[in-house]
Amino acid sequence: MHSKILWSFIFLGVFLVDGFAQKIETDLPNTKPKTNPASYYSIKTPLIPQKGNFSCWAATLQMLDSKNSGGNNKENTAPIRTDSLSKYLNSYKSDRYARVSDPGWGKIKEHLAANKGLVTYKYFNEKFAHVFLVRGFQEADDTQWLIVNDPWPVGKAKITALAFNQFIRPFNGNQEYVAMNYSASSKSTSLKSEPVFNIFSSSSLKETLPVIYSPPLVKVDPKKFKNIRSKDIENLISLQIELFKSFDPNLYQEMKIEYNPAKDALSKDMNSLLTLNQFTNTVSFLKYDLKASAKSDYIFDGLKLAFINANKNRKPVINITVEYEPKSSNPYLYVSRFEKYSTSERAEWDKIEKDFRVALNNPSIKTILNGSITNDKKSSVNKHGPWFEDDLQDDDEVFEIEDISILPLFGGMVYSFTWPPFDEKIVADPHRQLKMGHKAIFISNSGTPYYRLSEAEIPEWGEIVEKEIKIEAEWLGVNRLKNDLDSRQEEIEKLKDRANQKKDTPVPPRGSSGNKLDKPNSDEKIR
């Protein structure tokens, strides 16, 4: 009898504890990622880079294995209009979409599953129309990604997982696509027009009941939101890392990413957080004038990006792009793409930044830049990723590189940034696309030219830029040690001369002696 009572109390206790545990679990927010089965498919297609600034369409046709590509993927290939491109795609028809909801996710999956890629012609800004190949999709836990073979940048190419809403979004933020007017070449004055978003496919991609896709997101307060911060996106990145584990390992193999979700562990690297602005208005870039505003960000329309690296064994493997979507009543942050780190814009910027800091060790370059040094110096700590070493050793103060921006253009990205001692934004043109001639402030050891933003000239649509730019041996670091010693000795001699002048003659007003060591007036700029 006593044992029956004891067992009754045990069963009752287990029942109460289990019920209490279930009550706690239902009250807590659902922080675990969903376990919907992942869906992945990719067409076996070679990745072919474009050989010229405007041959993206020809490289895309090569990847599609079009018999009519005609070997057009060359350095001097001219840009092509959508109407002309359709002539090379006999079995594909052109759809000029009017609304964001027109190309449906289900129809796109069906088309790809039939082992047929999608040729996409899309404008990313007023001066950058690009053709690329969609060859696969990835779908898991309410996320929708398209696997893209991108022939750009020139001579490189890359594979990217692009969020579906980023794929279909117009560059100007409207819900309806508009025609783009452009001049076919710098010598032509007549304007021509074409759709800003066009998919060439063998069947219609329009859904009967269109649904606008919303990715996993973090809502932000538009009144308080100014910059993407680590705390704004940390949970979003954590969720994305968890989602990576559910993806098919074959996906990473196709994307050339060295990651096996069944065996490898990825860690988020919040120390690698890099926030930047992206030019979506090229006209503002052309009309940049330092005197028009003291703010360094007035030339942008507010579109912001953040790059975060996912590390394996403390080395970056995947670069994740978080984007700010302001063109809605409820602005939000979302993951817009992920890709192999070594071929990402983030990796290219890391090289640019290191290249610039190495250049600052050249006394001649430092003299040129410090000629416009300001009185309100600001010192700060350099924020590199843990794998990145700073070569700048002998500066009295370390200045943070600020206001980093990128402009998608022709053969690759053009970068701009602010270095506080210098009086204007600096433009780095690693792919040598700007029409600057010999107007560079300096050319770094790797050959990347740097300019003042106010002097930057973007080529007209269809104009081929001559890439041969004379590079002085001094900037390339030839006989670097000799150059450094000569520069230091020259500075010492000039200081001695000025000391002797002070003994015999009155000191002339600043800037009147013509001496290069004299600092310019506030209205002067070193050109």
Exercise. Mind checking which pairs have a first residue in region 209-237 that is surrounded by 11 or more Cβ atoms within 10 Å (Cβ to Cβ) and a second that is of a type in the set (Lys, Arg), Cβ under 6 Å, 6 or more apart or different chains?
Worked result: Ile228/Lys304; Ile237/Lys268
For this session: Please specify each residue of region 305-341 satisfying the condition of being touching a Lys or Arg at 6+ places or on another chain (Cβ under 9 Å), of a type in the set (Ser, Thr, Tyr) and open to solvent by 10 Å² or more (accessible area, probe 1.4 Å).
Result: Tyr324, Tyr332, Tyr341
Exercise. Does region 229-242 contain at least one residue that is farther than 24 Å from Ile318 by Cα, modelled with pLDDT under 90 and not in a helix (DSSP H, G or I)?
Worked result: no
For this session: Kindly indicate whether Leu146 is in contact with a Gly (Cβ under 7 Å, 6 or more places away or on another chain), of a type outside the set (Val, Ile, Thr) and crowded, with 21+ Cβ neighbours inside 10 Å.
Result: no
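Here's the yes/no breakdown for (1) modelled with pLDDT of 80 or more; (2) in a loop (DSSP other than H, G, I, E, B); (3) open to solvent by 20 Å² or more (accessible area, probe 1.4 Å); (4) under 26 Å from Gln278 (Cβ atoms):
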position: Ile368; (1), (2), (3), (4): yes, no, yes, no
position: Pro386; (1), (2), (3), (4): no, yes, yes, yes
position: Asp390; (1), (2), (3), (4): no, yes, yes, yes
position: Val427; (1), (2), (3), (4): yes, no, no, yes
position: Glu460; (1), (2), (3), (4): no, yes, yes, yes
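The values are calculated or read from the model by the stated rules, or taken from the named source; none is laboratory data. Quick caveat, the model's predicted, so the values are computed rather than measured. Ideal geometry is used to build each Cβ from the backbone, glycine not excepted, and the neighbour counts take in all protein chains shown. Keep in mind that these areas ignore ligands, DNA and RNA; they rest on the heavy atoms of the full protein, side chains included. Shrake-Rupley method; radii C 1.70, N 1.55, O 1.52, S 1.80 Å.
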